[in-house]
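The values are calculated or read from the model by the stated rules, or taken from the named source; none is laboratory data. Bear in mind that the values here come from a model prediction, so they are computed numbers and not experimental data. Here Cβ is always computed from backbone atoms with ideal geometry, including for glycine, and neighbour counts include all displayed protein chains.
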Amino acid sequence: MYKSFRVKNFRCFKDLQINDLGRVNLIAGKNNTGKTALMEAMLVLTKPLTPQILFDLHETRGLKDSGQDRRDVWQQFFFGRDTSLDIDIRGNDDAFNGRIRHLAVAEHATEKEILEHIGQYVQQAKQLGLISEGTIDIRGASLLSFSFDLPNSQTERLKVYLPSKSDMPVYTNILFDQSSAFIPAQGRPSAEWIRDNFSALDLNGDLPQLIDFLSIFETRLSDLRLLSLSGDLTIWGRVNSHQIPLKMMGEGVNRFCNFAISMIAENPKYLFIDEIENGIHYSVQKDVWKAIGQVARDLNIQVFATTHSYEMIESAHEAFKDNDPYDFRFHRLNRRSDSDEHEIEAVTYNEAGVGAFVRSGYEVRG
Amino acid sequence: MSGDRIDKDFDRQLLVEGFDDKTFFDQLAKHLSYRGKFGIIECGGWTQIRDDLLNMISDTEYFRKLQHIAIVRDADRNTDAFSSVKSALEYANREVSKLENEGGELQPLLEYPVPVQHLVMTSGSPPYTSVMILPGVDERGALENYVKKALMCDQLWSCVEDYFNCLPTVGISIEEDRRAKSEIGVFISGKVVDPDEAKPADTRRKLLSDIYRLKWWDDNNMWDDDNFSDATKFLKQLVEDIPFDAQA
């Protein structure tokens, strides 16, 4: 579980620091203050030597990769698209031998830099059998390096490279990956994702737990099944004596179903949910938070979610205030009007802070 | 909601507990031509003042714009109310978000300066803070007791005292905490010449707040009464940043 987090030169963040992270974290702020970007940075740190993650995130934003030059995509992850400054991401993870998990991402675009690093890149690609001797042409290309501090060493770092040319192979090292899941604000998971995870959940005997969760929305729900009708693989629920496709029960039920499946079946160490309030009526928000909090504690998952909804903050406080310890934190991202670059800063509200604004109705959404 | 209570257009704010306090300082500000130069936040009680102090410092964008925050608290039965306000400021500094400094230590993102003396604003850089305890720093009571001091010079007050001294002889007892408020109520009834003058302007209007509407109040230049000099200097300090102890 991350206790604190710091990110430099990533997306809209020049230097953002968040301390006092909780088990469940809700992030709010005005538009374009980096709520989603903060979760992206955290996600990148969970896959420190998997360059492909940048392209997955690019796609999650609804953007297409031209497939020509990878640099077009990776530039967008640098603060002000300025690739001369390294991206630096650090997380104080209590599961990481009490050390800081540290990733540095740097672009090597000059000929001198390329020559300095190309040897390592070629060696990595050869080790994987991705290329053979003499088949690589780096002219006009640039490299993006991902350097990750080894957990058991104070000085050693592991590096992988992402070349800009799309026909050049990418080396990935998943040895230091942490399991994580990202649920975007819009869109539904693929049929394959639902099939695999629902089946795993069913096989492990966890279906009753999922039914319990979804009962928050539909108290009459008694059973869930994965059915393939006319080639369409869908979850169906039994409500009274009728079988109803889950898709018919509304956006909120389906999104929450995805959160729950992800938490129980995928059991990620970190779960990121963008715009958690989407489709969730205020009357069930407290129960949704209670359910998320309970599973997060039981399965040791750290949850991060973004919101624009005051009611979500209020209901989270109501859901968590009786829990000892109070393991909810609210983080507000502000764009500083007193700095030249309108830097973004994070303000963290602990139990006292969240309680104070909920009692007084003070405007904290940003 | 704070959208109604806190006007963030002001870079100077006066935090008070209740409606009577708000009315008193608003009317005094009107007399001093200070209206529109600071906001008055009616917090709704002492606990809420603590909450609002934490809310304001957590609202970093607004906090950085603030020049001066003045806090008015009723002493009530508390003989060390000034220390309790200092504790509230320290509490906000303790609970506010922290940042790691170069040495790896966590420090508050922003801090309230804590005044060392009743009525006297902090020195250094903005935002300044200042505290006024009513009716006085070592006294018990509230705003009513403070206003009462000015009324006691009026010859009508001896009649009010006689009346309240008579009450126990007919078996009526008034709680000590309520006495000043009740005395002012009786005093007002003796000053009302025109019955229409006593009609509440709105349902929130309370007894003490009615007194400033009386013709008698203006005729006797009550705002210039020496007993209100602390409050006057306190507002001048808030609006003009002239330290309390530097004013004549």
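Would you mind stating whether residue A:253 is under 30 Å from residue A:63 (Cα atoms) and modelled with pLDDT of 90 or more? Don't jump to the end; show me each part of the working.
Numbers: under 30 Å from residue A:63 (Cα atoms): yes; modelled with pLDDT of 90 or more: yes.
Taking the combined requirement at face value, the residue satisfies it.
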Within region B:48-74, which residues are facing chain A (nearest Cβ under 9 Å) and closer than 17 Å to residue B:121 by Cα? B:53
Answer yes or no: is there a residue in region B:33-47 that is farther than 23 Å from residue A:333 by Cα, within 13 Å of another protein chain (Cβ to nearest Cβ), without any contact (Cβ under 8 Å) to a residue 24 or more places away in the chain and surrounded by fewer than 24 Cβ atoms within 10 Å (Cβ to Cβ). yes
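Table: residues versus (1) more than 21 Å from residue B:57 (Cβ to Cβ); (2) within 23 Å of the chain's Cα centre (by Cα).
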site	(1), (2)
A:297	yes, yes
A:301	yes, yes
A:325	yes, no
A:338	no, no
A:341	yes, no
A:349	no, yes
A:355	no, no
Which one is surrounded by the most Cβ atoms within 10 Å (Cβ to Cβ), of the residues in region A:299-358 that are facing another protein chain (nearest Cβ under 10 Å), closer than 18 Å to residue A:38 by Cα and without any contact (Cβ under 8 Å) to a residue 40 or more places away in the chain? A:349
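Okay, residues lined up against (1) touching a Leu at 6+ places or on another chain (Cβ under 9 Å); (2) polar (S, T, N, Q):
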residue	(1), (2)
A:249	yes, no
A:261	yes, no
A:278	no, yes
A:301	yes, no
A:305	yes, no
A:310	no, no
A:318	no, no
A:321	no, no
A:326	no, no
Which of the residues that make up region B:132-160 are closer than 16 Å to residue B:225 by Cα and not in a loop (DSSP other than H, G, I, E, B)? B:143, B:144, B:145, B:146, B:147, B:148, B:149, B:150, B:151, B:157
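Give the number of residues within region A:228-256 that are of a type outside the set (A, V, I, L, M), over 14 Å from residue A:186 (Cα atoms) and outside any loop (DSSP other than H, G, I, E, B).
First, the residues of region A:228-256 that are of a type outside the set (A, V, I, L, M): A:228, A:230-232, A:234, A:236-238, A:240-243, A:245, A:247, A:250-252, A:254-256.
Imposing the further condition that a residue be over 14 Å from residue A:186 (Cα atoms) reduces the set to A:228, A:230-232, A:234, A:236-238, A:240-243, A:245, A:247.
Still in the list and also outside any loop (DSSP other than H, G, I, E, B): A:228, A:232, A:234, A:236-238, A:242-243, A:245, A:247.
Number of matching residues: 10.
Run down B:91, B:163 and say which single residue is surrounded by 13 or more Cβ atoms within 10 Å (Cβ to Cβ) and not assigned by TED's automatic domain parsing to the domain that holds residue B:209.
Working: B:163 fails: not assigned by TED's automatic domain parsing to the domain that holds residue B:209.
Going through B:91, B:163 in turn, just one is surrounded by 13 or more Cβ atoms within 10 Å (Cβ to Cβ) and not assigned by TED's automatic domain parsing to the domain that holds residue B:209: B:91.
What number of residues in region A:164-176 are over 24 Å from the mean Cα position of the chain (by Cα) and not small (Gly, Ala, Ser)? Walk me through how you get there before you give the answer.
Step one: filter region A:164-176 for residues over 24 Å from the mean Cα position of the chain (by Cα), giving A:164-169.
From what's left, not small (Gly, Ala, Ser): A:165, A:167-169.
Number of matching residues: 4.
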Could we say that residue B:63 is in the same structural domain as residue B:234 (by TED's automatic domain parsing), of a type in the set (Phe, Trp, Tyr) and within 30 Å of residue B:180 (Cβ to Cβ) here? no
What's the number of the condition residue B:115 fails, among (1) at pLDDT 95 or above; (2) part of a loop (DSSP other than H, G, I, E, B); (3) exposed (fewer than 15 other Cβ atoms within 10 Å of the Cβ)? (3)
From the list B:57, B:69, pick out the single residue that is in the same structural domain as residue B:12 (by TED's automatic domain parsing), among the aliphatic types (A, V, I, L, M) and touching a Pro at 6+ places or on another chain (Cβ under 7 Å). B:69
Considering only region B:43-50, I want to know if a residue exists there that is under 13 Å from the mean Cα position of the chain (by Cα), assigned to a helix (DSSP H, G or I) and either modelled with pLDDT of 95 or more or not aromatic (Phe, Trp, Tyr) (or both). yes
Could you check region A:1-40 for strands (runs of 3 or more DSSP E) lying wholly inside it with 1 or more residues that are surrounded by fewer than 20 Cβ atoms within 10 Å (Cβ to Cβ) and within 13 Å of chain B (Cβ to nearest Cβ)? A:2-10, A:13-18
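Hey, among the residues in region B:79-101 that are outside any loop (DSSP other than H, G, I, E, B) and among the charged types (D, E, K, R), which one's farthest from residue B:53 (Cα to Cα)?
If we filter region B:79-101 for residues that are outside any loop (DSSP other than H, G, I, E, B), which is where we start, we get B:81-95, B:98-100.
In the following step, the residues that additionally are among the charged types (D, E, K, R) were identified as B:86, B:90, B:94-95, B:98, B:100.
On the way: B:86: 11, B:90: 10, B:94: 12, B:95: 11, B:98: 16, B:100: 23 Å.
Ranking the qualifying residues of region B:79-101, first place goes to B:100.
Matching residues to (1) within 14 Å of chain B (Cβ to nearest Cβ); (2) farther than 28 Å from residue A:219 by Cα; (3) more than 23 Å from the chain's Cα centre (by Cα); (4) buried (at least 22 other Cβ atoms within 10 Å of the Cβ):
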residue: A:260; (1), (2), (3), (4): no, no, no, yes
residue: A:268; (1), (2), (3), (4): no, no, no, no
residue: A:278; (1), (2), (3), (4): no, no, no, no
residue: A:282; (1), (2), (3), (4): no, no, yes, no
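Got a number for residues in region B:1-32 being in contact (Cβ under 8 Å) with a residue 12 or more places away in the chain and part of a helix (DSSP H, G or I)?
Initial filter on region B:1-32 (in contact (Cβ under 8 Å) with a residue 12 or more places away in the chain): B:2, B:5-29, B:31-32.
Then keep just the ones that are part of a helix (DSSP H, G or I); that gives B:2, B:5, B:19-29, B:31.
Summing the residues that are in contact (Cβ under 8 Å) with a residue 12 or more places away in the chain and part of a helix (DSSP H, G or I) in region B:1-32 gives 14.
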